[in-house]
Amino acid sequence: MSEPRRSRLINSSRIIHRLWIEDQLSRADLAVRLGLTKSSISNIVNDLITLGIVTENEVLEASPKGGRRAIGLTLNKAYFHVIGIEIRSDSYTALSIDLEGKVLFSQTKPKGFTAKTFKAEVCNLIEYLCKDLEEMQRHLLGIGIGFSGVIDAENQTIYRSVSLDFQQPFDFQKEIASHFPFPVILENDANCGAWGEVVFQRKQKLKNFLFVLIEFWKRYEVQTASPQPTIGLGFGFDGKIYRGSSSQAGEFKSVCNRDPDSLQQVQIAQGVSVSEDREALRNYIQEICQNLAFLINTLDIGHVFIGGTIEPFASFMPEMLRKEIRSNSLIQSEENCQIQFSSLGYDAVSFGAAALVLDKVLMNLEPLSENTAKQAVPLFHLLS
């Protein structure tokens, strides 16, 4: 690809990104924000208007110094959409959103996923969703998938998943993503929840925060068993997700679980159902809060978002966590930490998976090459 064309595509992406962040700007505003000439901005904007990606709106007010009033530019919210999917051992949740985070489609269905059937089931699900959503007549930016396990997001490899029984590395990029003409991106489910908060609260500029994902699953083939709780942690530092040196940041096992052979994150007495026994649930959540309080105080976390199946513990977990933070803190205070339930609710993971795609498309302006035009930076592909 020639350098002038490459630069034009990158600047087109920068314009779209800036309009996504600030809602409405004039051509002159864009030139100042991006350090480009007014003629370059006008040429690119005219192309984006022709494609239907950008629209001209009402005339903006003139500056205090007077002069001509500028025409406002905004993104056409009806042009793109993104699909986010949360895959569990017993079901999936899929949704489609526009660039503002408005949910256009949402679906939760029971379905079994295991390591043995994962490739076929995920490919079939993607094909089904794409076909089902064709009637929206929107351009698909990509699909994000949230999944419980140890995932190397950079190389798109699943290393391990207890809930879906992955015991050997699985090359997601080769086995699944490479079969589609648009990006399909895999991420740990708790990190997806954190991505959702970063991207959809982008104007609040979140700094240091913790996303806590608590859900109750059961193996799909064991219909009579009680759902088992799972916990995932996602860390956000300086507006970026922290994965750790070996992609295992947030993998959680309580310090109170001393059994080296136990795969339970918080050890539960045999025969006790946390999802059905109220006292057992309170004890379970309290132990989680004790572990979280240590992390929150040690890392000086400013915000905690709680997502997942929050209904069983929504009435008591925030105050329980505040109490544990005070108890663990040297200054006996939890005032520096804001605790809230994720506004994304039960859809936090699928919503965040879609947010991950938006991040790759609209916020990650990596150098363009022939090899990355389709997969790594899909916006360039749509503009070419």
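The values are calculated or read from the model by the stated rules, or taken from the named source; none is laboratory data. Keep in mind that this is a model prediction, so the values were computed, not measured. In this analysis, Cβ positions are derived from the backbone assuming ideal geometry, glycine residues included, and neighbour counts consider all displayed protein chains. Just so you know, the surface numbers come from the protein's heavy atoms only, side chains and all, with ligands and any DNA or RNA stripped out. Shrake-Rupley method; radii C 1.70, N 1.55, O 1.52, S 1.80 Å.
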> Is the stretch 146-211 best put as rounded, prolate or oblate by its Cα gyration tensor, with a ≥ b ≥ c the root eigenvalues, rounded for a/c under 1.5, and otherwise prolate when a/b is larger than b/c, oblate when not?
Replying inline: oblate
>> From the protein chains alone at 1.4 Å, what is the descending order of accessible area for 131, 207, 111, largest first?
In response: 131, 207, 111
> Given the protein chains as shown and a 1.4 Å probe, how many square angstrom of residue 114 are accessible, to the nearest 10?
Replying inline: 50
> Which part of the stretch 265-295 falls in the paramagnetic zone of residue 226, meaning amide N under 16 Å from the point 7 Å along Cα-to-beta-carbon?
Replying inline: 265-286
> Projected onto the charge dipole of the stretch 60-215 (+1 at Lys/Arg Cβ, -1 at Asp/Glu Cβ, origin at the Cα centre), which of 186, 91, 79 gives the Cα projection farthest towards the positive end?
Replying inline: 79
> In degrees from 0 to 90, rounded to the nearest 10, what is the angle of the helix 348-358 Cα long axis to the longest principal axis of the chain?
Replying inline: 30
> According to the square roots a ≥ b ≥ c of the eigenvalues of the Cα gyration tensor, what is the shape class of the stretch 65-122, taking rounded for a/c under 1.5, prolate for a/b larger than b/c otherwise, and oblate for the remainder?
Replying inline: prolate
> Mind listing the phi-derived Karplus ³J(HN,Hα) values for the stretch 19-29, rounded to whole Hz, using 6.51, -1.76 and 1.60 with θ = phi - 60°, and x for any glycine or proline?
Replying inline: 5, 5, 6, 10, 6, 9, 9, 8, 4, 5, 4
> To the nearest 0.05, how large is the calculated FRET efficiency for residue 300 and residue 117 if R₀ is 30 Å and r is the Cβ-Cβ distance?
Replying inline: 0.10
> In whole percent, what relative contact order does the stretch 1-148 give with Cα contacts below 8 Å and a gap of six or more residues?
Replying inline: 19
>> Can you give me the solvent accessible area of residue 6 with a 1.4 Å probe, rounded to the nearest 10 Å²?
In response: 50
> Taking K and R as +1 and D and E as -1, what net charge do the other residues with C-beta under 14 Å from the C-beta of residue 176 add up to?
Replying inline: -3
> Can you give the accessible area of residue 331, probe radius 1.4 Å, in Å² rounded to 10?
Replying inline: 120
>> Would you report the distance distribution of C-alpha pairs in the stretch 80-226 as whole percents per 10 angstrom bin, up to the bin with the largest distance?
In response: 10, 40, 37, 13, 1
> So how do 287, 127 rank on accessible area, 1.4 Å probe, biggest first, that is with the largest at the start?
Replying inline: 127, 287
>> I need the phi-derived Karplus couplings for the stretch 290-302: 6.51 cos²θ - 1.76 cosθ + 1.60, θ = phi - 60°, integer Hz, Gly and Pro marked x.
In response: 5, 5, 5, 4, 4, 5, 4, 6, 5, 8, 6, 6, x
>> Full-extension gain between residue 173 and residue 259, please, as 0.36 nm times their residue separation minus the C-alpha to C-alpha distance.
In response: 27.4 nm
> For the chain, what does the alpha-carbon gyration tensor say about shape, rounded, prolate or oblate, given a ≥ b ≥ c as the root eigenvalues, a/c under 1.5 as rounded, and a/b over b/c as prolate?
Replying inline: prolate
>> Please list, in order along the stretch 74-90, the HN-Hα scalar couplings obtained from phi with the Karplus expression 6.51 cos²θ - 1.76 cosθ + 1.60 (θ = phi - 60°), rounded to whole Hz, x for Gly and Pro.
In response: 9, 6, 6, 5, 8, 8, 9, 8, 10, 10, x, 10, 9, 9, 10, 5, 10
> What's log10 of I(q)/I(0) for the stretch 1-40 at q = 0.14, 0.30 Å⁻¹, Debye sum over Cα points only, no solvent?
Replying inline: -0.30, -1.05
